[in-house]
Amino acid sequence: QVQLVESVGGLVQAGGSLRLSCAASGRTFSTDAMGWFRQSPGKEREFVAAIAWSGGSYYAASVKGRFTISRVNAKYTVDLQMNSLKPDDTAVYYCAGSVIPGLSTKQRDYSYWGQGTQVTVSA
C-alpha cells in the first residue's frame, strides 16, 4: 500500500505561483501513473493533471499552459507547479496514484489518495 502526503498549500494573489508536492511512502510507485485532482466548495472533484512513470503528461484544458506536473521516481515525489493562478483555481488539491496503464482523468481509476491541501487564490 502506498501512502501519499501533500505539502501545505497556501494563500496567493491572482497571477501568482505556488508549488505543491506529494510524497509517497510504502511500496514503490515508480511504475504507477500519478495525478492531481481538485475540489471547490459545492463542486465535484475534477481532474487537473496526470503523469506517467515515463514522464508523459496530460492536463485539463482549464490549467494547460499554466500548470506543470513533474515526478522524481527515485525520490517518490510528484509536484504540481501552478503559475498565473486565478481565483477559480481555489480548491482543495489531491494527489492520487493509479496502477492502471495509461493516463486517466477519471477518479475511479485512481486507487490511492492523499488527504488534500487547500489552495486559495485571492482576487
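What follows is calculated from the coordinates using simple rules that are stated; it is not laboratory data. From a predicted model like this one, the values you see are computed outputs, not experimental measurements. Please note: Cβ atoms are built from the backbone with ideal geometry, for glycine as well, and neighbour counts cover all protein chains shown.
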Using θ = phi - 60° and the Karplus relation 6.51 cos²θ - 1.76 cosθ + 1.60, list the HN-Hα couplings for the stretch 66-73 in order, rounded to whole Hz, with x at every Gly or Pro.
10, 10, 9, 9, 8, 8, 10, 4
For Thr105, placing the label point 7 angstrom along Cα-to-beta-carbon and taking the stretch 48-70, residues whose amide nitrogen sits under 18 Å are 48-52, 56-69
Ordered by residue, what ³J(HN,Hα) values in Hz, to whole numbers, does the stretch 78-86 give under the Karplus form 6.51 cos²θ - 1.76 cosθ + 1.60, where θ = phi - 60° and Gly and Pro are x?
9, 10, 10, 8, 10, 10, 6, 5, 10
Taking amide H positions as placed in the peptide plane 1.01 Å from N, state which residues far from Arg19 in sequence (5 or more) or on other chains have amide H under 5 Å from it.
Met82
Over the chain, what relative contact order in percent results from Cα pairs under 8 Å that are six or more residues apart?
36 percent
If you take every DSSP beta bridge whose two residues both sit in the stretch 68-123, what share of them, in percent to the nearest 5, is antiparallel?
100 percent
Restricting the count to DSSP beta bridges whose residues both fall in the chain, what percent are antiparallel, rounded to a multiple of 5?
90 percent
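Could you state the orientation-averaged shadow area of the convex hull built on the Cα atoms of the stretch 37-104, in nm² to one decimal?
4.9 nm²
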Please compute the length gained on full extension between Glu46 and Gln3, using 0.36 nm multiplied by the number of residues separating them and subtracting their Cα-Cα distance.
13.4 nm
Using label points projected 7 Å from each Cα along Cα→Cβ, tell me how many nm separate Ser84 and Ser70, to one decimal.
1.9 nm
From the backbone phi of the stretch 109-122, what are the Karplus-calculated ³J(HN,Hα) couplings (6.51 cos²θ - 1.76 cosθ + 1.60, θ = phi - 60°) in whole Hz, Gly and Pro given as x?
7, 9, 9, 9, 9, x, 7, x, 9, 7, 10, 10, 10, 8
For the stretch 38-123, state which chymotrypsin sites (Phe, Trp or Tyr not before Pro) are in a DSSP loop and have at most 16 other beta carbons lying within 10 Å of their beta carbon.
Trp53
Going Cα to Cα from Lys43, which lysines come in below 21 Å? Please leave out same-chain ones fewer than 8 positions away.
Lys64, Lys86, Lys106
